[in-house]
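The structure appears below as structure tokens.
The values are calculated or read from the model by the stated rules, or taken from the named source; none is laboratory data. Worth saying up front: this structure is predicted, and the values here are computed from it rather than measured. Here the Cβ positions follow ideal geometry from the backbone for every residue, glycine too, while neighbour counts run over all protein chains shown. What goes into the accessible areas is simple: the full protein's heavy atoms, side chains included, and nothing from ligands, DNA or RNA. Shrake-Rupley method; radii C 1.70, N 1.55, O 1.52, S 1.80 Å.
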Amino acid sequence: PVNLTQGNKPVEPGVLTAGDFKVTEDGVQHAATFFERDSRPISLCVVFDTSGSMGEGLTPRFAVAALRQVLTRLLAEDEVAVIAFAAESVVVTPWTPAPTLLGLPINLETRGSTSLNDAVLKAMDVIDDARHARPVVLVITDGFENSSRTSLSRAVTTRRQSEALIYTFNLGKAAVTQRAPIAGPDIVAQSPKEPSSRMPMAVPSAAVDVLPTLAGESGGVVYEVRDFMDAAALAR
């Protein structure tokens, strides 16, 4: 997998040609003899953070906007599953054809701590039942882990075994005071076992940003979503 970016923005793959690439092996450059574009169907597992820290300012609106943007750009043959996580991880949407999800509401209620490693491990289990041979995990979160029972090393090892690409939308630096152009709340993603926390939560001192390690060399990218324009551009 190849991901090309300029700054924080992805390069449109449609404008690339064979001349835009240099192919090397052990430091020796080789001529590109074959160049082809294709669009294979994907199985996208969205791992959506519903912990208390995601309830601050407009962060939940950015998160919902990012998910909406991704769903609108999927193809009819793609499939999607959605995991909501806080202290616990719950599959709120099993594998579903992408167009089916477009018309569903997304009601986000934030509560509890952040077990991000556990959620990624759950995603690897869900990926095992994917229909397509191109599995992708998209983690939408503010980036911090503070309560998983799963170690980071185990989550990374399982990800390698699955061969899934992991992309992340990190909303930790979102402009929380920006005016929101999207009206209304909208996937019911919550764990009823956890106490509700509608007040903004400070990031615990033990919280760790694990996103770069989770994405690692999977072929995915950690993107920072700072505003609604980022949500649209990064989804594309």
Span per principal axis, largest first, for the Cα atoms of the range 71-114 (Å)
35, 17, 14
For the range 29-168, with all protein chains present and a 1.4 Å probe, just round the carbon and sulfur fraction of the accessible area to a whole percent.
49 percent
In the range 21-102, with Lys and Arg counted as +1 and Asp and Glu as -1 at Cβ, which of these residues, Ala98, Gly57, Pro41, has the Cα nearest the positive end of the dipole, that is, farthest along it?
Gly57
So for the range 56-158, what percent of the C-alpha to C-alpha distances run longer than 23 Å?
29 percent
